[in-house]
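A.B. asks: Structure incoming, see below.
Quick note: the coordinates plus some simple rules give every number you see, no bench work behind them. What you are looking at is a predicted structure, and each value in this text was computed from that prediction instead of being measured. Please note: Cβ atoms are built from the backbone with ideal geometry, for glycine as well, and neighbour counts cover all protein chains shown.
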């Protein structure tokens, strides 16, 4: 586990000491986020006349809204990653299946080429034998 860190931050013009297991930079970013939200609210003319506790509640609701939207986006991206991982798995599976089929087809092709050579050689032998037999009959026919 990380070491606990403390950082002094300014939120809404007041100094606070934040502690946590995150680094000081992170704690400063959190404070900056809160300050930006406060400034955003202070910039809205219609909110200026609201009581402080109502402004605080609206600020909290706004931050909660940001949180839930960010969480929904993360969940959506996680589902997309999961879907992409499944597609990648399926593609890898198809690739392996096609490689196996290709290897099998290459082996079959080699066997067929070997059989074809043997058949061509056999054909050549048979043609030569037939030619010898026919020439032998022709030669015997001339002698008589």
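A.B. asks: What pairs come up if the first residue lies in region 99-113 and is surrounded by 10 or more Cβ atoms within 10 Å (Cβ to Cβ), the second is part of a helix (DSSP H, G or I), and their beta carbons are under 8 Å apart, counting only those six or more places apart or on different chains?
C.D. replies: Short answer, once both residue conditions are applied: none.
A.B. asks: Hey, another quick one. Is it the case that residue 2 is within 38 Å of the chain's Cα centre (by Cα), assigned to a loop (DSSP other than H, G, I, E, B) and either surrounded by fewer than 13 Cβ atoms within 10 Å (Cβ to Cβ) or in contact (Cβ under 8 Å) with a residue 40 or more places away in the chain (or both)? So that I can check it myself, show each step before the final result.
C.D. replies: Values: within 38 Å of the chain's Cα centre (by Cα): yes; assigned to a loop (DSSP other than H, G, I, E, B): yes; either surrounded by fewer than 13 Cβ atoms within 10 Å (Cβ to Cβ) or in contact (Cβ under 8 Å) with a residue 40 or more places away in the chain (or both): yes.
Yes.
A.B. asks: Hey, another quick one. Please work out which residue is farthest from residue 42 (Cα to Cα), limiting yourself to region 17-30 and to residues that are more than 34 Å from the chain's Cα centre (by Cα) and exposed (fewer than 14 other Cβ atoms within 10 Å of the Cβ).
C.D. replies: Selected residue: 19.
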